[in-house]
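One structure is given below, encoded as structure tokens.
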Amino acid sequence: MKKTLSFWFLILTCLMASAQKKLITLEDIWVKNTFKQDFVSGFRSMKDGLHYTEINANRTLVKMRFSDAGLADSILSFRGLQYEGKELAIDDYQFSPDETKVLLLTESENIYRRSVLNKVYVYDLQTKTISRIHDKKILHASFSPQGDKLAYVLDNNLYYCDLGTMEHTAITDDGDFNHLNGNCDWVYEEEFEFTKAFEWSPEGDFIAYYSFDQTLVPEYSFAVYDKLYPTEYKYKYPKAGEKNSDVGIKMYFLKKGRTRTCDLGEEKDIYIPRIKMNPFDNSLIIFRMNRLQNHLELLRADEKGNTEVVFEEKSDTYVEINDNWHFFKSKNGLVYTSEKSGFTHIHVFDLDQKTDKQLTNGSWEVTEIHGVDESRGLVWYMSAESSPMERQLFTVSLDGSTKKCLTPERGWHSIQFGEGYSYYLDRYSTTQQVPVYTLYGPNQTGRLLKDNHALKEKMEEYTIAPLELITVPSATGEDLNAWIIKPADFNPSKKYPLFMFQYSGPGSQQVTNQFSGRDFWWYQLLAQKGYIIVCVDGTGTGYRGAAFKKKTYLQLGKYESDDQIAVARYFAKQTYIDSTRIGIWGWSYGGYMSSICLLKGADVFKMAIAVAPVTNWRYYDNIYTERYMRTPQENAQGYDDNSPVNMVTRLKGKYLLVHGTADDNVHYQNAIEMQKALIQANKDFDSEAYPNKNHGISGGVTRLHLYRRMTAFVLENL
């Protein structure tokens, strides 16, 4: 058929439009924030469940209606808010339980990952007065359930302040560098994922708190290059097999000013990963775990500190610690999750009858409990039932008879609830769908809040290659979940270099059906330069059942690296992959893995980048490491056989080792020991040290520099 002139003009126009699309730069990602996502940070639900609070553009704390997002009231203007003539810059706020007072946090100063110091003020909404809690920065300021008192930590001692009289009472007085009260030591904060180490009783009559004696815990130090003579930073860090803090749990009764020490048993080398309050009888529940972390017990403490075991769970490997524990107000029982059936599911346990009922079943995982609605007899939870790579919101009745999916759309739903479970915010996305925020109310009516249309329009200006979800075979032939990004102009008859990314840590997940973040844009940059990028969740990763996750027990690094090497070999056989140009990279556990893969898989990997890697598990903290490996004294072979430090003679490819010198988590020692071993083996390598940077290696233009360094290394060596 004869083509018309207008037809060829249309084709030419389309080609020109395609050719004019922009290329992504590192500055787009790390300086200009070109692909920023619009988001709803969530909401602070009020007690009635019908309203929420937010800080508006005029820096006013306002009360908003869930039903139509309309303004219900202006609560407090932060603009010009002063104390003793000084204007306050509010970083965060928190209402008292009765919503008559507002806790104001200012001058935030991070200590570690979760601990933050603040100057703290309380504004009384009834008297319109503001009070400063202390002239120093304090930790963990927390209202009592009645809202008349505020507990906090200062200089490792626990205090409370009567907000009526502003009188301060010291609960402890022995706090110092080695003795912590009401605040976690480093390893608890990092690995048990909490830092406020005290809780008010439901009736406000006592405060239960942790005491840490870390006198015998080995000390770690590193130089901070900030002066003519660098500063030495010291803190307690128990490495694998080393001494832990002696942990105690105490109860302070406010009226009598009396402290009781709880009986934790004869064995002292234990962990207390949680304490919770049982609202049914105003009692303290203490979670006691042995050092091997395979036996969890719940202890009920009475007013004298006597304890009894009311619940226990054992495992041949380890018991997971999480916050999916919800105690009933109306009866003496609790809802929790356990993987003792082989997959993580919801259980109800009666503390009086000692009966356990499993509410959900199947070869899939419950990933989070959002809450228990006792009035309606429902548990609200997130599930990977449709796929390990997806999340949907469900309810299940407390008798297990009825289960319902509330967000059936395939993809990834992230949920935040208001009080009473009448309203919830759903952040929904897929690999191809930018995040959309919808507020759902009674009868499941939804109201769109944000749809990221600006990001969609910005993406139209650039050549964006789709991220595809696929499966690839493991070392044993089992299907592994993966994603792949190919160049937008991919031609199956051409040969492309392959660049692999992974994290691979126990229970982790990188392959999900949701819209990706900043590294996605870096992969797009590499795809524009002709690279194929692949990510695979191998053996040991999460949401595929306990057997798949716990296969790596006592041998961290072995099966994970076997899988990544097998995946590389699988792709090397594909006609569109240049088998002589395959590389891998990762950060933290992923850096550990990329190091092993380059050494064990020297015949398949041409290069690797390891950012902040563990290079020998003997150098890492004991709670994390021993959970999966036991101690070096018990499992020396497991530690040594899977350490990159002990594999350096196998190095053939190009290796870039990156680390922050002030990394309090994975110490710079890991990089130094790896470098020492490589030099002793007479192996060439590249390295980059980031002065005074922690595990995140960020701040200022640091990330731009890091990704420019890594990009150059990929281009030069792959």
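The values are calculated or read from the model by the stated rules, or taken from the named source; none is laboratory data. In this text the structure is predicted, and so the values were computed from the model without any measurement. Positions of Cβ are backbone-derived with ideal geometry, glycine not excepted, and every protein chain shown enters the neighbour counts. Side chains included, ligands, DNA and RNA excluded: accessible areas come from the protein's heavy atoms. Shrake-Rupley method; radii C 1.70, N 1.55, O 1.52, S 1.80 Å.
The table that follows gives values for the structure above.
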{"read-out": "Virtual spin-label span in nm between T471 and N361, 7 Å along Cα→Cβ", "value": "2.5"}
{"read-out": "Contact order normalised by residue count of segment 480-599, Cα under 8 Å, 6+ apart, percent", "value": "37"}
{"read-out": "Evaluated over the chain, the Cα radius of gyration and Dmax, each in Å", "value": "27.4, 99"}
{"read-out": "Cα-centre dipole for segment 453-593 with unit charges at Cβ (Lys and Arg positive, Asp and Glu negative), debye to 20", "value": "260"}
{"read-out": "Span-like helix ranges in the chain, DSSP H, alpha carbon extent 18 angstrom or more, Kyte mean at least -0.5", "value": "5-19, 702-717"}
{"read-out": "Flagged links, alpha-carbon separation over 23 Å, of K340/K551; K329/K550; K276/K403; K36/K606; K486/K606; K329/K354", "value": "K329/K550; K276/K403; K36/K606"}
{"read-out": "Accessible area of the chain divided out per residue, in Å², using a probe of 1.4 angstrom", "value": "43"}
{"read-out": "Modelled FRET efficiency - R0 25 Å, H134 with E193, Cβ distances, 0.05 increments", "value": "0.40"}
{"read-out": "Simple spin-label estimate for S386 and R410 in nanometres, 7 Å along Cα-Cβ", "value": "0.8"}
{"read-out": "HN-Hα J in Hz across segment 432-446 - Karplus 6.51, -1.76, 1.60, θ = phi - 60°, x for Gly and Pro", "value": "9, 10, 5, x, 10, 10, 10, 9, 9, x, x, 6, 6, 7, x"}
{"read-out": "Protein-only accessible surface order, largest first, of H413, H705 at 1.4 Å", "value": "H705, H413"}
{"read-out": "Residue-averaged 222 nm ellipticity for the chain, from DSSP H runs of 4+ at -39500 (n - 2.57), nearest 500", "value": "-5000 deg cm²/dmol"}
{"read-out": "Cα principal axis extents for segment 411-559, largest first, Å", "value": "50, 45, 20"}
{"read-out": "Net +/- balance of residues flanking I485 in space, Cβ distance below 15 Å, scoring K and R +1, D and E -1", "value": "0"}
{"read-out": "Rg over Rh [alpha-carbon atoms, Kirkwood Rh] for segment 281-353", "value": "0.97"}
{"read-out": "FRET E, pair Q680, R376, Förster distance 56 Å, beta-carbon r, rounded to 0.05", "value": "0.30"}
{"read-out": "Amide N proximity, segment 250-287 versus D98 label position 7 Å along Cα-to-Cβ, cut-off under 20 Å", "value": "254-255"}
{"read-out": "Residues whose placed amide H lies under 5 Å from that of K149, excluding near-sequence neighbours", "value": "S144, L163"}
{"read-out": "Gain in span if fully extended, S108 to A57, counting 0.36 nm per residue against the direct Cα distance", "value": "16.3 nm"}
{"read-out": "Inter-label distance, nm, simple model (7 Å from Cα along the C-beta direction), T231/N290", "value": "4.3"}
{"read-out": "Estimated FRET transfer efficiency (K403, Q353; beta-carbon r; R0 22 Å; 0.05)", "value": "0.35"}
{"read-out": "q = 0.15, 0.16, 0.18, 0.21 Å⁻¹: log10 I(q)/I(0) that the Debye formula gives for segment 182-308, counting C-alpha atoms only", "value": "-0.74, -0.81, -0.97, -1.23"}
{"read-out": "Relative contact order of segment 358-477, pairs being alpha-carbon contacts under 8 Å that are 6 or more residues apart, as %", "value": "13"}
{"read-out": "Alpha-carbon spread of segment 511-607, three principal axes, descending order, Å", "value": "40, 34, 25"}
{"read-out": "Anisotropy class of segment 305-408 from Cα gyration tensor, a/c 1.5 cut", "value": "oblate"}
{"read-out": "Of all accessible heavy-atom area on segment 134-209, the percent that carbon and sulfur account for (1.4 Å)", "value": "42"}
{"read-out": "Which of L469, G85, F253, positive extreme of dipole for the chain (C-beta unit charges)", "value": "L469"}
{"read-out": "G371 long-range amide H proximity, modeled H, under 5 Å", "value": "W380"}
{"read-out": "Cut-off under 5 Å, modelled amide H: who pairs with T661 long-range", "value": "Y690, N692, K693"}
{"read-out": "Evaluated over segment 160-214, the Cα radius of gyration and Dmax, each in Å", "value": "12.9, 39"}
{"read-out": "Cα point-scatterer Debye curve for segment 50-131, base-10 log of I(q)/I(0) at q = 0.10, 0.12, 0.15, 0.26 Å⁻¹", "value": "-0.27, -0.39, -0.59, -1.33"}
{"read-out": "Phi to ³J(HN,Hα) by Karplus 6.51 cos²θ - 1.76 cosθ + 1.60 over segment 682-695, Hz, x for Gly, Pro", "value": "6, 10, 7, 7, 10, 8, 9, 9, 10, x, 6, 9, 8, 5"}
{"read-out": "Whole-Hz couplings from phi, Karplus 6.51/-1.76/1.60, listed for segment 334-350; x for Gly and Pro", "value": "8, 10, 8, 10, 8, 9, 5, 7, x, 9, 6, 9, 8, 10, 10, 10, 8"}
